[in-house]
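Below: the structure, in structure tokens.
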Amino acid sequence: MADVLKTVFLTPSEISGRVFEMAGEISRDYTGREILVIGVLKGAFVFMADLIRALSVPCRTDFIRAASYGAGAESSGKIVITKDVELPVEGQDVLIVEDIVDSGLTLRHIMDTLKSRNPRSIKVCAFLDKRKRRKISFEADYVGFSMDDGFIVGYGLDFNEQYRFLPAVYVLDPAPAREKEENG
Ligand code: PRP
């Protein structure tokens, strides 16, 4: 595994420091309120688990999952909700938690879907922002880290469902990873 993980992009201590800062900012913004935190599966579950435990305001949690049609790393633009939230959204202060914003298409679709259910407010918190890869205009309200490009794994982020468990974020070289998988 180590041979395909090129470099550490974010160490566990850099991650926890920034998550703590973000949780502080969010807690200040939502003082006196309860947040409905909605994580976007699967990638966001690690970040969300750390973030909610660092909040000083109460929250309830739920999850949503979306799939984009088309193979590979590039989204075709058609987003479908494959697992909906179970708690009512109407009248709630919703905070969508996402691991990464890339084209912006997934979050735009999720935002539009949840907005149509009349939340009191709705904001987005993203662990990573690949701003230069947007296909549509989309701004997250809270961003952990920004990066230009590069395939990254760890801290919830996967390559073919591998590496989500890693406590750091690594830049992956996908070519040797694919080769390794094909060769067993
Ligand atoms: C990734 C990521 C976001 C989405 C971002 O999910 O977790 O949900 O893609 O891409 P976009 O901004 O171009 O729409 P992925 O489909 O890889 O699923 P996963 O979270 O289960 O790994």
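The values are calculated or read from the model by the stated rules, or taken from the named source; none is laboratory data. All values derive from a computational prediction rather than experimental measurement. Neighbour counts run over all protein chains shown; Cβ positions are idealised from the backbone, glycine included.
Could you look through region 125-134, keep only residues that are in contact with an Asp or Glu (Cβ under 6 Å, 6 or more places away or on another chain) and closer than 13 Å to PHE47 by Cβ, and pick out the one that is surrounded by the most Cβ atoms within 10 Å (Cβ to Cβ)?
PHE127
Please specify each residue of region 135-149 satisfying the condition of being within 15 Å of the chain's Cα centre (by Cα) and either surrounded by fewer than 19 Cβ atoms within 10 Å (Cβ to Cβ) or under 16 Å from ILE110 (Cβ atoms) (or both). Steps first, answer last, please.
Taking region 135-149 first, the residues within 15 Å of the chain's Cα centre (by Cα) are 138-147.
Scanning region 135-149 gives PHE138, GLU139, ALA140, ASP141, TYR142, VAL143, PHE145, SER146, MET147.
What are the residues in region 131-165 that are at pLDDT below 95 and either of a type in the set (Lys, Arg) or more than 14 Å from the ligand (Cβ to nearest atom) (or both), if any?
Matches in region 131-165: ARG131, LYS132, ARG133, ARG134, LYS135, ASP148, GLY150.
Name every residue in region 111-120 that is surrounded by 14 or more Cβ atoms within 10 Å (Cβ to Cβ) and closer than 16 Å to GLU34 by Cα, in order of residue number. Show your work before the answer.
Narrowing region 111-120 to residues surrounded by 14 or more Cβ atoms within 10 Å (Cβ to Cβ): 111, 113-114, 117, 119.
PRO119 - this is the single residue of region 111-120 that is surrounded by 14 or more Cβ atoms within 10 Å (Cβ to Cβ) and closer than 16 Å to GLU34 by Cα.
Find the residue count for region 18-49, including only residues that are outside any loop (DSSP other than H, G, I, E, B), within 16 Å of the ligand (Cβ to nearest atom) and not small (Gly, Ala, Ser). Let's see the steps before the verdict.
Going through region 18-49, the residues outside any loop (DSSP other than H, G, I, E, B) turn out to be 18-29, 35-41, 45-49.
After this cut, where a residue has to be within 16 Å of the ligand (Cβ to nearest atom) as well, the list is 37-41, 45-49.
Adding the requirement that they be not small (Gly, Ala, Ser) leaves 37-38, 40-41, 45-48.
Residues that pass the stated criteria total 8.
Taking the stated definitions as given, is ASP102 at pLDDT below 95, surrounded by 15 or more Cβ atoms within 10 Å (Cβ to Cβ) and either under 22 Å from ARG164 (Cβ atoms) or away from the ligand (no atom under 16 Å from the Cβ) (or both)? Give the steps one after another, and end with the answer.
Values: at pLDDT below 95: yes; surrounded by 15 or more Cβ atoms within 10 Å (Cβ to Cβ): yes; either under 22 Å from ARG164 (Cβ atoms) or away from the ligand (no atom under 16 Å from the Cβ) (or both): yes.
So ASP102 fits the description; yes.
Please go through (1) touching a residue at least 40 places away in the same chain (Cβ under 8 Å); (2) charged (D, E, K, R); (3) farther than 24 Å from ALA54 by Cα for ASP99 and return the number of the only condition it doesn't satisfy.
Only one criterion is unmet by ASP99, namely (3).
Considering LEU128, LEU172, which residue is at pLDDT 95 or above and out of contact with any helix residue (DSSP H, G or I) (no Cβ under 7 Å at 6 or more places or on another chain)?
Values: LEU172 fails: at pLDDT 95 or above.
Just one listed residue meets the conditions, LEU128.
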